[in-house]
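**Q** Got a structure here, written out as structure tokens. Questions coming.
The values are calculated or read from the model by the stated rules, or taken from the named source; none is laboratory data. The structure presented is a predicted model; accordingly, all values stated were derived computationally and were not measured. A quick note on method: Cβ atoms are made from the backbone with ideal geometry, for glycine too, and the neighbour counts reach across all protein chains shown. Protein only, heavy atoms only, side chains kept; ligands, DNA and RNA dropped before computing areas. Shrake-Rupley method; radii C 1.70, N 1.55, O 1.52, S 1.80 Å.
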Amino acid sequence: MDLLSALSLGELALSFSRVPLFPVFDLSYFIVSILYLKYEPGAVELSRRHPVASWLCAMLHCFGSYILADLLLGEPLIDYFSNNSSVLLASAVWYLIFFCPLDLFYKCVSFLPVKLIFVAMKEVVRVRKIAVGIHHAHHHYHHGWFIMIATGWVKGSGVALMSNLEQLLRGVWKPETNEFLHMSFPTKASLYGAILFTLQQTRWLPVSKASIIFIFTMFMVSCKVFLTATHSHNSPFDVLEGYICPVLFGAAWGGDHHHDSHSASHGGSHGGGPGAQHSVLPAKSKEELSEGSRKKKTKKAD
């Protein structure tokens with residue numbers, strides 16, 4: 001019975017890994033990617049004033065992973081744009097999301113139950129892109145583990161690693177939002193997935209590629225759908241990283257806050273230090289502001 005169940009699971013994973021992505025899954029990927037673009041502050045105004053810049057941002061959201069992977073492997077950066085069907089499909093999605101009358105298309109695809117379906121289908125594309133990227137890098141560098149991991153990582157992370165470039169196209173410069181400094185769950189998951197697929201590709205992990213694709217896709221779909229449904233920005237890896245990072249890197253999360261509170265209490269205990277002066281001055285300014293606001297209210301009442 002166990003053998004039969006294992007065979008059926010293997011056949012299911014193999015069939016799942018052979019499901020074509022175009023056009024249904026790619027369409028979902030484009031819809032969710034451009035939805036996130038529209039959520040950005042000023043994106044709607046940009047589409048009205050500078051539609052070409054808005055279209056370029058949309059193409060980066062849809063094809064940024066291919067551009068980064070081609071850059072790493074020394075291939076033409078615009079190579080994927082020769083795929084006319086995908087570019088036209090992504091352009092149609094961009095136009096409908098930003099310019100459809102009465103925002104009907106946007107309202108339909110952003111309706112939460114419908115959006116969750118698209119989010120789940122996008123994760124199917126993400127995992128497949130990671131696997132394809134590592135296979136492609138292995139074809140060029142048979143023993144280049146780090147190259148394979150990096151290629152799979154950028155294939156799965158998409159435009160997240162190019163966020164600053166995409167912001168520049170919108171006329172925004174926020175270096176503090178660098179994805180390398182504040183990794184989101186998809187970026188971390190793509191990195192861990194790239195490591196798994198690299199181990200499988202180099203035969204250090206005795207599991208079929210179809211099985212890893214199936215299992216990792218189910219993990220990504222369940223996590224991303226849950227996070228989207230609950231409007232959460234937390235990562236399922238936070239708990240594990242909270243235990244591992246202090247051991248490996250010697251720094252616990254929230255260490256800066258602890259240091260700040262410790263220095264503040266240390267300055268307050270001595271009473272005459274500069275920290276105490278700074279703590280008193282803001283209190284006085286707040287009192288003065290509150291008195292001024294009370295005087296204004298009394299004048300209005302009179």
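**Q** State which residue pairs qualify: first residue assigned to a loop (DSSP other than H, G, I, E, B) and inside region 171-187, second residue of a type outside the set (A, V, I, L, M, F, W, C) and surrounded by 10 or more Cβ atoms within 10 Å (Cβ to Cβ) in any location, beta carbons under 7 Å apart, and separation of 6 or more residues or different chains.
**A** TRP173/GLN167; LYS174/GLN167; ASN178/ASN164; GLU179/SER163; GLU179/THR187
**Q** Quick one: is VAL159 open to solvent by 30 Å² or more (accessible area, probe 1.4 Å) and either touching a strand residue (DSSP E or B) at 6+ places or on another chain (Cβ under 8 Å) or under 20 Å from TYR36 (Cα atoms) (or both)?
**A** no
**Q** When only residues in region 161-170 that are in a helix (DSSP H, G or I) and in contact (Cβ under 8 Å) with a residue 40 or more places away in the chain count, which is farthest from the chain's Cα centre (by Cα)?
**A** LEU169
**Q** Any chance you could count how many residues in region 188-218 are over 16 Å from the mean Cα position of the chain (by Cα) and either part of a loop (DSSP other than H, G, I, E, B) or of a type outside the set (Val, Ile, Thr) (or both)?
**A** 18
Rundown of residues vs (1) at pLDDT below 95; (2) closer than 25 Å to LEU165 by Cβ; (3) touching a strand residue (DSSP E or B) at 6+ places or on another chain (Cβ under 6 Å), yes/no style:
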| residue | (1), (2), (3) |
| --- | --- |
| ASP2 | yes, no, no |
| PHE16 | yes, no, no |
| PHE25 | no, no, no |
| SER28 | no, yes, no |
| GLY42 | yes, yes, no |
| PRO51 | no, yes, no |
| SER54 | no, yes, no |
| ALA58 | no, yes, no |
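**Q** Please list, ordered by residue number, the helices (runs of 4 or more DSSP H) wholly in region 1-92 having 2 or more residues that are open to solvent by 40 Å² or more (accessible area, probe 1.4 Å) and under 27 Å from PHE219 (Cα atoms).
**A** Helices (runs of 4 or more DSSP H) meeting the threshold: 2-17, 24-39.
**Q** From PHE146, PHE180, PHE118, grab the single residue that is at pLDDT 95 or above, among the aromatic types (Phe, Trp, Tyr) and surrounded by fewer than 17 Cβ atoms within 10 Å (Cβ to Cβ).
**A** None of the others qualify; the one that does is PHE146.
**Q** List every residue pair whose Cβ atoms lie under 8 Å apart, where the two residues are 6 or more positions apart in sequence or sit on different chains, the first residue falls within region 107-134 and is farther than 14 Å from ILE212 by Cβ, and the second residue, located anywhere, is among the aromatic types (Phe, Trp, Tyr).
**A** That search, which allows pairs on different chains as well, returns VAL109/PHE118; MET121/PHE25; MET121/TYR29; LYS122/PHE25; LYS122/TYR29; VAL125/PHE25; VAL125/TYR29.
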